[in-house]
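The values are calculated or read from the model by the stated rules, or taken from the named source; none is laboratory data. In this text the structure is predicted, and so the values were computed from the model without any measurement. Neighbour counts are summed over all protein chains in view; Cβ atoms, including those assigned to glycine, are modelled from backbone coordinates with ideal geometry. Remember, those area values only see protein heavy atoms, side chains included, never the ligands or the DNA or RNA. Shrake-Rupley method; radii C 1.70, N 1.55, O 1.52, S 1.80 Å.
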Amino acid sequence: WKTISVEEKGLRVTGDLSGPSTAYLAVYIQTQRWTQAEISLKTSQLAQIYMDGNLVATKKNFQPPEMVTSPLSLETGKHLMIIKSVFNPRQNSNWSIQASLLVKKRYLHPPPMFSLSPIQHMSLSHLLDTPRIEEVSLSPDGSLAALIIEKYHPPTNSTKKWTKIFNTETGKLFQTYKGGTSISEVNWAPHKKIFSYTQKTESGETLWVVNLETGTSRPLLQGIKNLGPHVWSPDGSFIVYSVTQKHKPSIKGFKRFQNLEDRQPWWRDKRYLYKVNLQDGVRQRLTAGSLTTVHHSLSPDGRKLLFTRSIPDYSQRPSSLTELYSLDLENLNSQRLWKGKWFQKALWSPHGEKLLILGGPSTFGDKGTNLPKRIIPNEYDTQAFLFELETQKIKPLTKNFKPSINEAQWSRKNEFIYFLVTDKSYRRLYRYDPQKEEFSLLPSKVEVVQDFDLARTKPVILYSGSSASVPSRSYVMDLRNKKVRMLHQPAKKEFSSVRLGEVQRWTFKNKKGVEMEGRVYYPPEFDPSQKYPCIVYYYGGTTPVTRRFGGRYPKNLYAAQGYIVYVLQPSGAVGFGQRFSAYHVNDWGEKAGKEIIKGVKKFLKDHPFVDSKRIGCIGASYGGFMTMYLLTQTNLFTTGIAHAGISSISSYWGEGYWGYSYSAIASAQSFPWNRKDIYVNQSPLFNADKISTPLLLLHGSVDTNVPPGESAQLFTALKILGQEVEYIQISDQNHHIMNYRKRKIWTQTILAWFDRWLKGQPEWWAALYPQK
């Protein structure tokens with residue numbers, strides 16, 4: 001490429017007079033608002049205009065100069081325009097090109113700008129079209145790291161996955177499985193450089209075993225219908241896998257529900273465990289019965305297997321009990337080790353005499369809680385316990401450890417336990433020393449660790465993660481000296497020219513003097529002398545809004561559109577200690593709502609560059625409920641957006657697949673018949689007459705978590721009340737908008753709504769959803 005100057009009458013291109021020539025002309029167009037324009041091209045040669053890779057106009061004939069035009073709709077951001085022209089001297093020796101962009105007056109404040117610099121702000125394309133690390137796995141000796149990379153594959157609605165295997169010592173790429181050889185998982189054997197993976201075929205799934213040392217691969221299982229996850233035995237002699245047995249419907253079009261779980265179409269499908277020998281391929285069924293069995297861990301000697309099954313029990317919270325069994329793989333005798341509530345996961349200790357159990361604070365009665373008896377703990381605040389098999393003694397490990405446990409691995413190399421935890425708005429790695437009974441933080445270099453794996457025979461850990469201003473990356477850490485080395489940045493190229501704004505921590509104290517966590521995302525070219533509109537984001541449920549990059553509600557993208565974005569964490573989330581998380585139980589907006597309102601008022605006072613008359617709020621699921629609830633409590637916000645929000649707590653409790661089980665924690669011991677003050681008084685629907693703020697309701701049409709009726713009810717109420725409300729339903733989407741094309745339009749809908757109410761720019765919204 002070379003830089004050329006364009007005169008008012010266009011430019012002349014020098015071509016080869018002996019035959020046809022092709023030229024490409026490029027320029028960036030920067031828009032600071034959604035803009036409608038018209039592109040015009042005048043030339044005597046053939047030409048095409050591309051905008052962001054899409055063909056928008058074509059001149060098809062060699063004729064005297066004529067004008068071709070095309071309308072354009074440009075979102076806020078930088079756009080690449082390329083003109084391709086073909087010169088044929090036998091048709092016309094003049095090769096001049098004249099192009100212009102006509103912008104209507106209403107879109108000229110501020111006007112589009114032209115440049116040759118690729119430096120730009122984050123766009124929707126950076127959010128959706130760039131690769132990210134989904135899973136990581138480490139070879140037993142820590143020398144090879146397998147990364148599962150995923151990205152959308154536009155313009156289709158599918159995603160593509162591929163695997164990259166790196167040498168952890170040199171950082172060099174060892175092998176890639178992509179395209180026809182693509183695999184979606186790497187499950188390392190306990191010895192050597194051998195791994196397994198499953199592949200779907202028309203006849204069923206195949207389980208392959210790959211030996212990287214010999215360069216061979218062979219199918220261990222073939223034609224297995226509904227093959228599930230699998231794990232290697234400690235000595236590598238066999239694999240334990242699961243198979244789902246699909247149920248057969250009774251009378252077509254009729255269904256007698258056996259229990260509450262039976263409303264889930266897949267509940268009658270049962271999962272059973274099997275064993276297959278690596279040497280001879282002999283298979284053996286391990287579990288059977290009327291209940292699904294879930295594998296958890298194999299003992300260090302490979303002789304026993306931990307599995308659980310869940311039993312409905314409506315006599316007590318949470319309407320189900322878990323049974324933990326140990327299965328002897330030699331004689332298939334099973335022993336029930338424990339029966340109770342709030343269980344999540346179990347792992348064998350390196351010598352097989354103990355189990356590490358993850359579960360809610362009340363998994364073993366009050367042994368894991370540090371709260372007064374009058375306070376009900378939040379059972380989503382996951383704790384870790386040691387369970388001695390011989391004595392049945394329970395030892396809580398995290399009772400006074402404020403972070404909440406996400407995952408755990410018990411190292412056979414040094415017997416330390418490695419925890420992935422939610423630590424306020426961070427997700428971090430901690431190491432626990434069972435001898436000293438001490439936790440130590442591992443330096444990860446990212447704010448949110450997504451996934452991790454330990455080497456079996458070497459002190460090496462592999463993990464992936466991101467930060468508030470850093471896209472997905474993977475790292476390797478030497479656990480002896482805690483030195484960290486970055487291994488791979490899948491989106492390095494795509495983000496090389498992206499300029500992100502600053503992210504700064506900002507907190508305030510609530511009524512009780514407790515510091516409430518929060519952060520602020522600034523536009524890339526932030527100017528404190530200007531007045532900015534602001535978007536307030538929250539969840540308010542049991543988990544904090546982490547500092548993860550991107551996501552379904554991308555704060556960096558909102559900031560790139562010229563908004564100040566304030567994220568705050570009200571009481572009730574895990575990761576701040578049991579007392580803090582317990583505030584979620586039976587609150588349903590009362591404490592959290594007051595804290596959000598107080599926090600926003602304090603934020604506005606401390607940030608004079610934020611326009612207090614242009615404040616929007618947005619939340620999803622429980623956060624969608626918070627939006628609805630907040631608008632019944634205050635006129636502080638200019639507008640609000642609720643995605644998959646709960647408008648009537650009682651109907652959500654009874655209709656959603658998991659409404660009653662979630663409420664067993666969030667509404668502990670409270671039901672529609674004994675707590676009208678919660679189920680009616682706290683429901684936005686029953687307070688709809690207090691809402692006067694413009695509200696956008698978004699909902700997937702087949703949402704099984706929060707049924708779409710929750711948005712439909714409030715939409716009906718506000719329409720009858722004559723309030724400003726819009727309801728956008730996304731067809732064939734569940735609780736999350738996963739379809740690529742629909743997720744793109746859904747995100748544009750959010751931005752267009754905020755532009756309409758916070759920037760006084762209704763054109764984008766009108767273009768997406770015209771009146772006629």
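List of remarks:
- Taking the range 365-463 as the region of interest, the strands (runs of 3 or more DSSP E) fully inside it that hold 2 or more residues being out of contact with any Gly (no Cβ under 7 Å at 6 or more places or on another chain), closer than 20 Å to Ser299 by Cβ and not aliphatic (A, V, I, L, M) are 383-388, 404-410.
- A single entry from Gly575, Gly623, Gly599 fulfils the requirement of being open to solvent by less than 10 Å² (accessible area, probe 1.4 Å) and in a loop (DSSP other than H, G, I, E, B): Gly575.
- Hits in the range 464-499 (condition: in a strand (DSSP E or B) and of a type in the set (S, T, N, Q)): Ser464, Ser466, Ser467, Ser472, Ser474
- Condition met for Val567 (under 30 Å from Asn370 (Cα atoms), at pLDDT 95 or above and not aromatic (Phe, Trp, Tyr)): yes
- Residues located in the range 691-742, provided they are assigned to a strand (DSSP E or B), open to solvent by less than 60 Å² (accessible area, probe 1.4 Å) and not hydrophobic (A, V, I, L, M, F, W, C): His699, Gly700, Glu726, Tyr727
- Residue satisfying all of: in the range 157-173; under 17 Å from Gln489 (Cβ atoms) and in contact (Cβ under 8 Å) with a residue 12 or more places away in the chain; surrounded by the most Cβ atoms within 10 Å (Cβ to Cβ) among these: Thr168
- Yes/no for Tyr657 being farther than 29 Å from Leu260 by Cα, open to solvent by 10 Å² or more (accessible area, probe 1.4 Å) and of a type in the set (Ser, Thr, Tyr): no
- Scanning the range 285-321 for residues that are within 27 Å of Ile224 (Cβ to Cβ) and of a type in the set (Val, Ile, Thr) returns Thr287, Thr292, Thr293, Val294, Thr308.
- Filter result for Ser85 (open to solvent by less than 60 Å² (accessible area, probe 1.4 Å), out of contact with any Asp or Glu (no Cβ under 9 Å at 6 or more places or on another chain) and closer than 30 Å to Trp764 by Cα): no
- Within the range 305-343, restricting attention to residues that are under 19 Å from Ala288 (Cβ atoms) and not in a strand (DSSP E or B), the residue that is least open to solvent (accessible area, probe 1.4 Å) is Leu329.
- Matching residues, the range 227-281, being under 22 Å from His295 (Cα atoms) and among the hydrophobic types (A, V, I, L, M, F, W, C): Leu227, Val231, Trp232, Phe238, Ile239, Val240, Val243, Trp266, Trp267, Leu273, Val276, Leu278
- Any hit, the range 180-197, residues being of a type outside the set (Ser, Thr, Tyr), open to solvent by 40 Å² or more (accessible area, probe 1.4 Å) and over 24 Å from Val240 (Cα atoms): yes
- Among residues of the range 171-180, those that are at pLDDT 95 or above and either of a type in the set (Gly, Ala, Ser) or outside any strand (DSSP E or B) (or both), counted: 2
- For Gly645, the stated conditions do not hold, so it cannot be described as of a type outside the set (S, T, N, Q), modelled with pLDDT under 95, open to solvent by less than 10 Å² (accessible area, probe 1.4 Å) and under 30 Å from Gly359 (Cα atoms).
This table checks each residue for (1) open to solvent by 30 Å² or more (accessible area, probe 1.4 Å); (2) over 22 Å from the mean Cα position of the chain (by Cα); (3) of a type in the set (A, V, I, L, M, F, W, C).
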{"position": "Gln450", "(1), (2), (3)": "yes, no, no"}
{"position": "Ser469", "(1), (2), (3)": "yes, no, no"}
{"position": "Asp478", "(1), (2), (3)": "yes, yes, no"}
{"position": "Val514", "(1), (2), (3)": "yes, yes, yes"}
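- Residue that is touching a residue at least 12 places away in the same chain (Cβ under 8 Å) and more than 18 Å from Lys270 (Cβ to Cβ), where the choices are His295, His351: His351
- Filter pass, Asn635 being closer than 19 Å to Asp587 by Cβ and either at pLDDT below 95 or assigned to a loop (DSSP other than H, G, I, E, B) (or both): no
- Residue list for the range 425-447, filter: more than 10 Å from Gly465 (Cβ to Cβ) and either out of contact with any Ser or Thr (no Cβ under 9 Å at 6 or more places or on another chain) or among the small types (Gly, Ala, Ser) (or both): Ser425, Gln435, Lys436, Glu437, Glu438, Ser440, Leu441, Leu442, Pro443
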